[in-house]
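Since the structure comes first, as structure tokens, the remarks are kept for the end.
The values are calculated or read from the model by the stated rules, or taken from the named source; none is laboratory data. No experiment lies behind these values; they were computed from the predicted model shown. Note that we place each Cβ from the backbone using ideal geometry, even for glycine, and neighbour counts take in every protein chain shown. Heads up: the accessible areas ignore ligands, DNA and RNA and are worked out on the full protein's heavy atoms, side chains in. Shrake-Rupley method; radii C 1.70, N 1.55, O 1.52, S 1.80 Å.
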Amino acid sequence: MSRPEHTAPAERFYNKREAHKYTESGRLVQIQRSMAKRAVELLNLPKGKSCLLLDIGCGSAISSEQISREGHVWFGCDISRAMLELAKNRSSSKGDLAEVDMGVGIPCRSGSFDGAISISAVQWLCVKQTPTQNPTRRLNKFFKSLRRCLVFDGRAALQLYPENPDQMNAILAAAKKAGFDGSKRVDVQKYFVNSR
């Protein structure tokens with residue numbers, strides 16, 4: 001089975017049909033919630049304080065809803081308009097949403113977020129989707145803008161599925177270049193880049 005990021009760019013792959021299929025899959029929803037819960041834990045946020053978190057590649061807001069369950073407020077961004085429409089129409093979705101290509105940078109003010117999570121999205125930046133795209137440049141723009149939009153000691157927990165060690169190394173190199181410590185953690189065969 002081909003990886004989705006090799007099939008089409010995310011904004012085309014997650015059309016209305018695929019977005020509904022993903023959001024309605026009980027198995028995928030449960031996995032997404034579990035990974036989002038773990039990502040929020042890895043942020044090591046202050047106990048009893050509601051924080052503002054960025055959910056990168058939020059899709060239909062499954063992971064964002066987990067942020068709410070953990071007592072935090074969220075802002076979600078995704079490149080798929082179909083996924084964002086589903087997020088907007090979900091009754092339990094209580095955050096703000098924006099259509100954003102993370103590979104051109106996150107257009108938020110400096111120091112806006114206490115932390116950030118991303119579930120199964122960052123690996124899309126490692127694949128050249130158009131003749132003019134440069135995966136290294138897109139990873140660098142993403143991490144530089146992510147570092148900028150976090151508070152000084154803000155962390156990011158990014159769950160991803162690298163296709164190979166070269167992709168993992170490129171992701172870690174871009175994170176470090178942007179000023180993150182770029183630590184890698186493997187939880188039950190799910191890769192997390194947990195950076196501060």
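Residue-by-condition table, conditions (1) at pLDDT 95 or above; (2) over 18 Å from Ile171 (Cβ atoms):
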| residue | (1), (2) |
| --- | --- |
| Ile31 | no, yes |
| Ser34 | no, yes |
| Ile56 | yes, no |
| Gly59 | no, yes |
| Gly71 | no, yes |
| Arg90 | no, yes |
| Ser112 | yes, yes |
Strands (runs of 3 or more DSSP E) enclosed by the range 38-124 - at least 1 residues per element that are free of Cβ contacts under 8 Å to residues at least 24 places away in the same chain, among the charged types (D, E, K, R) and open to solvent by 60 Å² or more (accessible area, probe 1.4 Å): 96-99
If you scan the range 1-26, which residues turn out to be among the hydrophobic types (A, V, I, L, M, F, W, C) and more than 13 Å from Ser80 (Cα to Cα)? Met1
